[in-house]
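Novice: Sending over a structure as structure tokens; questions will come in a sec.
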Amino acid sequence: MSNESTPLPAGRLPIMVVSHERSGTHFTMNSIAGCFDYVSNPWIDIDRHQFNINYFHTPSVKGLLLKVAEVRPANIVKSHHEFEFVKRFMPATEGKLHIVYVYRNPADVMSSFWRFLHTWDWAEGPLEDTALGFATAAPMGQLMRYQFRQYPSMLERWANHVEHWVDAARRANNIHIVRYEDLAEHFEDTIQRLGRRLGMQPARIAPPSRSENVVAGGTVRWSPEQGADNRAAVDQLARAMFPALIDRLGYGPASSSLASAI
């Protein structure tokens, strides 16, 4: 572990924030840090850039997460891995590690991710002319390190990621779900609900800046053509492909403003 890690006081568990890329990950991390006295910068990144392990080898991933839990850092742990990487040993983390899973409307995720990938000068993922083209493109490049198998499209990759983590939260007491839009639009209520799940009272309730500690992108300057950010078409496609999931996540016509049923 990094010597920059700050230890937690007795009686508190470390927190890992998990999400599909571009789902409000750092806004969630900063919110937890600011409201519950954790540390979001520096964070601990469960990625091959920080830890040299085989992420497809279950014992290695288990050993890493349990070691983090043993060290008990106040620094928030971050991951974008899909649930299949950790499902075989999730019960071993209960009572040792809180996992907060944040998800976001798929049209906004696809649009943000599409723009984000165009700023890097390596093949992080598919580079398409439109947000819809990106959503329907097959995953490729370095982003594939977070997925266990190939998917026909980026949108199907997103659906698999969200659905399996949300399903896991129904079975595990230490996986807690946050919808990004609830955190952004109903901050106090969402923090209070999360605090009850974590067994902690917030020390304060103050939303962080949207630009704080974020991964804004690379150094390549890129601007899409007019009309290329066609996220309305992505939204329509997502609703057609995954109607039950979209409604379950709180984006359907019958959904409430707070996705509290999850």
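The values are calculated or read from the model by the stated rules, or taken from the named source; none is laboratory data. No experiment lies behind these values; they were computed from the predicted model shown. Neighbour counts are summed over all protein chains in view; Cβ atoms, including those assigned to glycine, are modelled from backbone coordinates with ideal geometry.
Novice: Assuming residue 74 fulfils every condition listed in (1) out of contact with any strand residue (DSSP E or B) (no Cβ under 9 Å at 6 or more places or on another chain); (2) among the small types (Gly, Ala, Ser); (3) surrounded by 15 or more Cβ atoms within 10 Å (Cβ to Cβ) apart from one, which condition is it?
Specialist: The single condition residue 74 does not satisfy is (1).
Novice: Would you list the helices (runs of 4 or more DSSP H) that sit entirely within segment 138-202 and hold 2 or more residues that are touching a Cys at 6+ places or on another chain (Cβ under 8 Å)?
Specialist: In segment 138-202, 187-198 are the helices (runs of 4 or more DSSP H) which contain 2 or more residues that are touching a Cys at 6+ places or on another chain (Cβ under 8 Å).
Novice: Any residue that is buried (at least 21 other Cβ atoms within 10 Å of the Cβ), among the hydrophobic types (A, V, I, L, M, F, W, C) and either modelled with pLDDT of 95 or more or under 13 Å from the mean Cα position of the chain (by Cα) (or both) - is there at least one of those in segment 145-157?
Specialist: Yes, segment 145-157 has at least one match.
Novice: Failed condition for residue 73, given (1) closer than 21 Å to residue 21 by Cα; (2) touching a residue at least 40 places away in the same chain (Cβ under 8 Å); (3) touching a Pro at 6+ places or on another chain (Cβ under 9 Å), with all others met?
Specialist: (1)
Novice: Quick check on this structure: which one of 215, 178 is surrounded by 14 or more Cβ atoms within 10 Å (Cβ to Cβ), within 30 Å of residue 56 (Cα to Cα) and not basic (Lys, Arg)?
Specialist: Being surrounded by 14 or more Cβ atoms within 10 Å (Cβ to Cβ), within 30 Å of residue 56 (Cα to Cα) and not basic (Lys, Arg) holds for just one of 215, 178, which is 178.
Novice: Return the residues of segment 1-32 that are touching a residue at least 40 places away in the same chain (Cβ under 8 Å) and surrounded by fewer than 22 Cβ atoms within 10 Å (Cβ to Cβ); say none if nothing qualifies. Lay out the reasoning, then the answer.
Specialist: Here is the first cut: in segment 1-32, the ones touching a residue at least 40 places away in the same chain (Cβ under 8 Å) are 1-2, 4-8, 12-32.
Selection gives 1, 2, 4, 5, 6, 7, 8, 12, 13, 21, 22.
Novice: Residue 102 - would you say it is in contact with a strand residue (DSSP E or B) (Cβ under 6 Å, 6 or more places away or on another chain), under 19 Å from residue 180 (Cβ atoms) and not in a loop (DSSP other than H, G, I, E, B)?
Specialist: Details: in contact with a strand residue (DSSP E or B) (Cβ under 6 Å, 6 or more places away or on another chain): yes; under 19 Å from residue 180 (Cβ atoms): yes; not in a loop (DSSP other than H, G, I, E, B): yes.
Criteria met by residue 102.
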